[in-house]
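Remarks on the structure that follows.
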Amino acid sequence: MSKQVLGVLCSGRGTDLQSIIDAIGRGEVDATIAVVLTDKPDAYALTRAEKAGIKAVCIDRKQFDGRQPFEEALIAALDEAGVTLVVLAGFMRILTPYFVRHYAGRIMNIHPALLPSFPGAHAHRDVLAYGVKVSGCTVHFVDEGTDSGPIILQAAVPVLDDDTEETLGARVLEQEHIIYPKAIQLYCEGRLKVEGRHVRILSAKQ
Ligand code: GAR
């Protein structure tokens with residue numbers, strides 16, 4: 001299998017992006033990041049990419065009249081960079097079927113809760129409001145729904161009585177930084193077999 005070329009999409013501070021950059025640096029993920037795209041000009045992820053010598057481009061959602069032209073610009077940038085796997089790392093926009101079909105089976109997302117519980121943009125707030133005792137994070141393939149694609153890896157953390165969105169978010173983020181690089185590496189090794197809703201992890205080739 002030839003080396004995967006990643007395109008990472010972010011909206012904010014980019015710590016998940018950083019965990020992937022660092023894992024590639026340590027030789028734990030056998031891929032290259034060809035481009036980092038953000039939908040916001042002030043996303044710190046742009047600075048992280050530049051510091052790592054990775055092409056970083058803002059495709060400012062506000063400059064586009066509608067979702068389709070915005071997604072056309074994302075696709076053009078990803079295709080021009082030769083991206084083979086799209087990695088959503090804190091990208092806070094819903095992608096339409098137009099985008100998802102273009103990269104069918106080749107888009108991953110990380111969500112800061114144990115899906116299918118607490119999908120959407122305010123997972124930690126929703127977790128705390130509901131009163132569950134365990135939360136975590138989920139890496140999944142992206143399908144045409146919201147946070148609904150086949151699950152690749154999950155990690156759990158306790159929810160503590162005095163948690164705030166910030167303290168819970170920080171505990172979950174530690175796990176995100178472990179499982180996202182792992183899931184990407186499994187993909188790079190060709191070890192993820194999707195069967196309907198199920199993702200089977202094949203054993204390592206000897
Ligand atoms: C992460 O917690 C990620 O799981 C979440 O945004 C945060 C990004 O942090 N993603 C979503 O909520 C997607 N719906 P980062 O900018 O520090 O990587």
* Considering each of Pro116, Pro41 in turn, give the residue that is surrounded by fewer than 16 Cβ atoms within 10 Å (Cβ to Cβ), touching a strand residue (DSSP E or B) at 6+ places or on another chain (Cβ under 6 Å) and not in a helix (DSSP H, G or I). => Pro41
* Structure fact -> When the range 12-38 is checked residue by residue, the ones that are near the ligand (Cβ under 7 Å from one of its atoms) and either surrounded by fewer than 24 Cβ atoms within 10 Å (Cβ to Cβ) or more than 17 Å from Val172 (Cβ to Cβ) (or both) are Gly12, Arg13, Thr15
* Structure fact -> Conditions (1) within 14 Å of the ligand (Cβ to nearest atom); (2) assigned to a loop (DSSP other than H, G, I, E, B); (3) hydrophobic (A, V, I, L, M, F, W, C); (4) more than 30 Å from Pro158 (Cα to Cα) -> Leu46 fails only (2)
* Structure fact -> Flagged in the range 82-113 as more than 14 Å from the ligand (Cβ to nearest atom), crowded, with 22+ Cβ neighbours inside 10 Å and in a loop (DSSP other than H, G, I, E, B), in numbering order, are Val83
* Looking at His111, is it touching a helix residue (DSSP H, G or I) at 6+ places or on another chain (Cβ under 6 Å) and either at pLDDT 95 or above or more than 17 Å from Pro181 (Cα to Cα) (or both)? -> no
* To do: Could you check how many residues of the range 163-194 are without any contact (Cβ under 8 Å) to a residue 24 or more places away in the chain and over 25 Å from Arg13 (Cα atoms)?
  => 2
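The values are calculated or read from the model by the stated rules, or taken from the named source; none is laboratory data. Since the model is a prediction, treat every value here as computed from it, not as a measurement. No Cβ is skipped: glycine too gets one built from the backbone with ideal geometry, and neighbour counts run over all protein chains shown.
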